[in-house]
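Trainee: Before anything else, here's the structure in question.
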Amino acid sequence: MSSSNTNNRGSFLQASSSSHSETPLNAGAAAFDPADTASVLPVPSGANAAVWSTLTTGTLTVNVTTEREAPNANPNAPLFLKGITHTSNPHDWESTVLPYIRRLTFMIGSTADTFFAADMLRSTHLPNLYTAITKINMTGFHWFSGISANRASNPYLLMAANLPSLVEITLRFHVGGLTKSAWSERQMVALEAADPIRAKARKVMALEEVVNKWDLVAIFGCGNLQRVRIEYIWSDIVAHFCQPADPSAVLRGIQGWMGGEFRSRGRTVAVELVRLN
């Protein structure tokens, strides 16, 4: 399997025994449930109670798509900080704002989100923001088109590898992205004319192909991970055209491979697999 391009580590910011979970697949499972009311959080010792109260109105989720698409979007003054930045509150930044950020889960829904997040993370108005992020949910991970001659790294995992305090990560797949046509291009052309239904047949990608497409080796660059949650969106249509193969089987292989790789590195990381629908 190809190794991650370690030279890309750091370019994202340009600034200063493993546990293999056997959790049953749960058709009704949700992502990490970060959307708890933030106001229930106790004020940390040494924090400014008034600033803490302002920050903790709402939930513990930061939707980067919402941040990016807001009419007044500004990576130097993101909405989730409610007007509070190091520039406006330098004395409370370390004692109050960064401890609040450590409680949040950042949802990344697209590669465009990773670029907006990068602007936030290297902003001089938000110093050390990147060191305070502990949880990310890559809801758009399945949209990544794959490693190619023009794309040497996965921007989702490149971002994750540059968050030194990251302990939890969710990677969301779609079973459709784990398959490819069962036919060669020439066979496909002939079948589309003769038997268009049969032409839709799919086959499940091999584990190595999935690892290489998403550059999953890069996840081992996240040095403090404690939990990896692999989610997948099921499709009956995809499954039908893959018969008799099961398109989710390769993700069980990824779960086992990832757990084994963490273990071989002497790391204790829980790797879970959950079906979302």
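The values are calculated or read from the model by the stated rules, or taken from the named source; none is laboratory data. These numbers come from a predicted model, not from an experiment. Counting neighbours? That spans all protein chains shown, and the Cβs are built from the backbone with ideal geometry, glycine included.
Trainee: Which of (1) modelled with pLDDT of 95 or more; (2) part of a helix (DSSP H, G or I) does Ala199 not meet, given it meets every other one?
Mentor: Condition not satisfied by Ala199: (1).
Trainee: Now, a different point. Quick one: which of Pro90, Pro75 is farther than 17 Å from Asn137 by Cβ, within 21 Å of the chain's Cα centre (by Cα) and not hydroxyl-bearing (Ser, Thr, Tyr)? Reasoning before the result, please.
Mentor: Values: Pro90 fails: within 21 Å of the chain's Cα centre (by Cα).
None of the other options fit; the residue is Pro75.
Trainee: Only residues that are basic (Lys, Arg) and out of contact with any strand residue (DSSP E or B) (no Cβ under 6 Å at 6 or more places or on another chain): list them for the range 223-250, please. Steps first, answer last, please.
Mentor: We begin by selecting, within the range 223-250, every residue basic (Lys, Arg); these are 227, 229.
Correct list: empty.
One line per residue, one yes/no per condition, for (1) hydrophobic (A, V, I, L, M, F, W, C); (2) in a loop (DSSP other than H, G, I, E, B):
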{"site": "Glu208", "(1), (2)": "no, no"}
{"site": "Val217", "(1), (2)": "yes, no"}
{"site": "Leu225", "(1), (2)": "yes, yes"}
{"site": "Arg229", "(1), (2)": "no, no"}
{"site": "Val238", "(1), (2)": "yes, no"}
{"site": "Phe241", "(1), (2)": "yes, no"}
{"site": "Asp246", "(1), (2)": "no, yes"}
{"site": "Ile254", "(1), (2)": "yes, no"}
{"site": "Trp257", "(1), (2)": "yes, no"}
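Trainee: Please go through the range 140-174 and give me each residue that is part of a strand (DSSP E or B), touching a strand residue (DSSP E or B) at 6+ places or on another chain (Cβ under 8 Å) and either at pLDDT below 95 or not charged (D, E, K, R) (or both), ordered by number. Don't jump to the end; show me each part of the working.
Mentor: Looking only at the range 140-174, we keep the residues that are part of a strand (DSSP E or B), and these are 148, 151, 168-174.
Still in the running and touching a strand residue (DSSP E or B) at 6+ places or on another chain (Cβ under 8 Å): 168-174.
Selection gives Ile169, Thr170, Leu171, Phe173, His174.
Trainee: Here is a follow-up. Determine which member of the set Thr65, Thr131, Thr96, Thr105 is under 19 Å from the mean Cα position of the chain (by Cα) and crowded, with 19+ Cβ neighbours inside 10 Å.
Mentor: Working: Thr65 fails: crowded, with 19+ Cβ neighbours inside 10 Å; Thr131 fails: crowded, with 19+ Cβ neighbours inside 10 Å; Thr96 fails: under 19 Å from the mean Cα position of the chain (by Cα).
Exactly one of Thr65, Thr131, Thr96, Thr105 is under 19 Å from the mean Cα position of the chain (by Cα) and crowded, with 19+ Cβ neighbours inside 10 Å, namely Thr105.
Trainee: Asn76: modelled with pLDDT of 95 or more, surrounded by fewer than 18 Cβ atoms within 10 Å (Cβ to Cβ) and either among the polar types (S, T, N, Q) or not in a loop (DSSP other than H, G, I, E, B) (or both), yes or no? Quick ask: steps written out before the conclusion?
Mentor: Working: modelled with pLDDT of 95 or more: yes; surrounded by fewer than 18 Cβ atoms within 10 Å (Cβ to Cβ): yes; either among the polar types (S, T, N, Q) or not in a loop (DSSP other than H, G, I, E, B) (or both): yes.
For Asn76, the condition - modelled with pLDDT of 95 or more, surrounded by fewer than 18 Cβ atoms within 10 Å (Cβ to Cβ) and either among the polar types (S, T, N, Q) or not in a loop (DSSP other than H, G, I, E, B) (or both) - is met.
Trainee: Take the conditions surrounded by 12 or more Cβ atoms within 10 Å (Cβ to Cβ), in contact with a Gly (Cβ under 7 Å, 6 or more places away or on another chain), closer than 21 Å to Tyr130 by Cβ and modelled with pLDDT under 50 and apply them to Ser4. Does it pass? I'd like the intermediate steps shown before the answer.
Mentor: On the way: surrounded by 12 or more Cβ atoms within 10 Å (Cβ to Cβ): yes; in contact with a Gly (Cβ under 7 Å, 6 or more places away or on another chain): yes; closer than 21 Å to Tyr130 by Cβ: yes; modelled with pLDDT under 50: yes.
In short, yes.
Trainee: If we scan the range 253-266, do we find a residue that is out of contact with any strand residue (DSSP E or B) (no Cβ under 6 Å at 6 or more places or on another chain) and at pLDDT below 95? Working first, answer last.
Mentor: First pass over the range 253-266, keeping only residues out of contact with any strand residue (DSSP E or B) (no Cβ under 6 Å at 6 or more places or on another chain): 253-254, 256-257, 260-266.
With the extra rule that they be at pLDDT below 95, the set shrinks to none.
The answer is no; no qualifying residue exists.
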